[in-house]
1. Could you pull out the residue among C:GLY82, C:GLY66 that is within 12 Å of chain A (Cβ to nearest Cβ), surrounded by 18 or more Cβ atoms within 10 Å (Cβ to Cβ) and touching a helix residue (DSSP H, G or I) at 6+ places or on another chain (Cβ under 7 Å)?
2. Against the condition in a helix (DSSP H, G or I) and among the polar types (S, T, N, Q), how does A:THR196 come out, does it pass?
3. In this structure, does C:GLY128 turn out to be under 18 Å from C:ARG162 (Cα atoms), assigned by TED's automatic domain parsing to the domain that holds C:GLU153, of a type in the set (Gly, Ala, Ser) and modelled with pLDDT under 95?
4. Taking A:THR90 and the conditions (1) assigned to a helix (DSSP H, G or I); (2) touching a helix residue (DSSP H, G or I) at 6+ places or on another chain (Cβ under 7 Å); (3) buried (at least 24 other Cβ atoms within 10 Å of the Cβ); (4) more than 8 Å from every other protein chain (Cβ to nearest Cβ), which numbered condition does it fall short on, given that it satisfies the others?
5. Determine if segment A:34-49 includes at least one residue that is at the interface with chain B (Cβ under 8 Å from one of its Cβ atoms), at pLDDT 95 or above and under 13 Å from the mean Cα position of the chain (by Cα).
6. What residue, among those in segment A:59-76 that are touching a strand residue (DSSP E or B) at 6+ places or on another chain (Cβ under 8 Å) and assigned to a helix (DSSP H, G or I), is farthest from A:VAL88 (Cα to Cα)?
7. Consider only pairs whose beta carbons are under 7 Å apart and that are at least six residues apart or on different chains; among these, list those whose first residue lies in segment A:210-228 and is more than 12 Å from chain B (Cβ to nearest Cβ) and whose second residue is small (Gly, Ala, Ser).
8. Which of (1) crowded, with 17+ Cβ neighbours inside 10 Å; (2) without any contact (Cβ under 8 Å) to a residue 60 or more places away in the chain; (3) more than 19 Å from A:HIS24 (Cβ to Cβ) does A:LYS242 not meet, given it meets every other one?
Amino acid sequence: MTKVFTRPEALNDVELHYCPGCTHGIIHRLVAEAIDELGIIGQTIGVASVGCSVFSYNYFGCDMEQAAHGRAPAVATGIKRALPDRVVFTYQGDGDLAAIGTAETVHAASRGENITVIFVNNGVYGMTGGQMAPTTLAGQVTQTSPYGRDVKTQGYPLRVCELLAQTEGAAFLARTAVDNVKHIREAKAAIKKAFTYQLEGRGFSLVEVLSACPTYWALPPAEAMKRLGGEVLDYYPLGVYKDKGAETDEK
Amino acid sequence: MAKVTFREDRCKGCELCTTVCPKHIVQMAKDRLNKKGFHPAEVVKQEECIGCAFCATICPDTVIEVEK
Amino acid sequence: MAEKVLMKGNEALAEAAIQAGCRLFFGYPITPQTEVSAYMAKRMPKIGGTFLQAESEVSAINMVYGAAGAGARVMTSSSSPGISLKQEGISYIVGSDLPCVIVNIVRGGPGLGGIQPAQSDYFQAVKGGGHGDYHLIVLAPSSIQELVDITQEAFDIADQYRMPVMIMGDGMLGQMMEPVEFGAKEGRKLPEKTWAACGTDGKRERNIINSLYIEAADLEKLVLERYERYKEVEKNEVKWEEYMTEDAEYIIAAYGTIARVAKTAVHALREEGIKAGLIRPITLWPFPSAAFANAAETVKGFLSVEMSMGQMVEDVRLAVNGKKPVEFFGRTGGIVPTPDEICDAVRKMKEGK
């Protein structure tokens, strides 16, 4: 018998601090699998952000830098410009990327910065106790939208891939999800493609991974996955929002 | 012939693996608790396992190894 | 002997950084230091370096963080409002023990303030402008040649102690032209950057650049270690100039460009029979406290002259420790004190007014 599924080497053999059913663990593994399959662990530098995934510097088996809240794309830019031959990725949540780090994200994309952003969107601030995020759905109850997000006063959930699709510099933008096995496999393929694009020097790549937060959605993990596959996917359609490779390769 | 191995002490009892098994052979071990205090997931009819790795794919804690 | 060239302060600073091996510069436009960016934009592409105009000062300093963490020699430059924006990044750079050089060509404040030369960012630079227990090494040149020499050394100092070094100038120093020479300097013997996150190549344990320590005891231990290093800096790196202090009865304390004006005042005062001298701190942190403490044994009084409402004067007082009077004279908002004003202030002090 041969092993058909095992822990990727790029994921350190340590316990993850995440809550039961938190999908960060799945996404960590997918990133690690992509790194392993491309054989790039020794040439990769990851950037951890602030939020639940802050400790990702303990989990990925490559060199890591931990960035201030929202600043990961700027930190990654600094690394990439210093070491253009290295593979540089950020791992960021939705509060980090789509609120405090919006400027860093948009401009890294606009510059076509040759980095890969893994954007985990679960619609809440988890680390600080379940506050409303820019991506929280309308009507969703959080600690800071206790009566449900009221779009009249609290605004609308932000669709990041659609926003970034307007930038010339973005080479690959995809929205994926981890609510079921098929979607998880698609997410993995998108992550691997993003890293491949970086290796090919094509420019900025971002894979949004719609994710579940059972704890702050106040749902059992299986129910959280159902909500993810339902109303969350309804608002955030899956798909490839930009693929410069496909565009140029066709020509 | 396939085999799944659960690293029980890493299991957080989220039950996601039990929701994706096409053979319905992954269950929570209600008769015991692991080191963390969770009922861990286990496979009840190993011989029926087809090695699809769905359970391992959705497991957030990389608890499951699959051999074929 | 290298040839002397006439250069603007901001450009000389940029060239000095390049000659010190800095190949990455992340900036954002702000008066009165924009020539640093402009020079870097012109030169860096020609020598295989990187000039990048960031989307904000916040991003620029975080790019510095990333590049410094990857082991590169890197610099950013800004002026007061921009330096305020960089404070978050500076705190993280300190917390992760990364070396880099940060330039502040100070202008009047607070708020948007003005664009004229000022020294009102002394507290921010010396007492820690960002959050947490820390110090920056702060260097304050008073001529273009000194700016060049200091800039070249700043990178070595930063690497030696794994600390950010701030160069504090002002609009006058940045904008004026003086002849300078760029001698090939012998750099310091520096440790290898074995801690850099530059890819393991499968040859070593992975490196993590990080400032997060959840366990209080771990964080305290690290901060204590850092303060041990600060003691080394205080022991090795303090720099100041003494000017006509041997027989001085009144000491003017002044740094940066205003120290040049103070020298004129020292001469004028001596012509009228007042034995004045100058102590010019070159490192604002570590502060040359010993120079002031020693002088306090023999002089009658001190006058701190600053382009602020009185910030360095507090460090002079701490150093003098009540032994002799320490007075203050300053102009702020971008106004430079004149020699006459300084002389008046010394006369008043002499008369006990």
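The values are calculated or read from the model by the stated rules, or taken from the named source; none is laboratory data. What you see is a predicted model; the values in this text were computed from it and never measured. Don't worry about glycine lacking a Cβ; one is built from the backbone with ideal geometry, like all the others, and counts go over all protein chains shown.
1. Values: C:GLY82 fails: within 12 Å of chain A (Cβ to nearest Cβ).
Checking each option against the conditions leaves just C:GLY66.
2. yes
3. Details: under 18 Å from C:ARG162 (Cα atoms): yes; assigned by TED's automatic domain parsing to the domain that holds C:GLU153: yes; of a type in the set (Gly, Ala, Ser): yes; modelled with pLDDT under 95: yes.
Answer is yes for this residue.
4. Here A:THR90 clears every test but (1).
5. Taking every residue of segment A:34-49 in turn, none turns out to be at the interface with chain B (Cβ under 8 Å from one of its Cβ atoms), at pLDDT 95 or above and under 13 Å from the mean Cα position of the chain (by Cα).
6. Looking at residues that are touching a strand residue (DSSP E or B) at 6+ places or on another chain (Cβ under 8 Å) and assigned to a helix (DSSP H, G or I), I get A:TYR59.
7. Pairs found: A:LEU210/A:ALA177; A:TYR216/A:GLY126; A:TYR216/A:GLY130; A:TRP217/A:ALA224.
8. The failed condition is (2).
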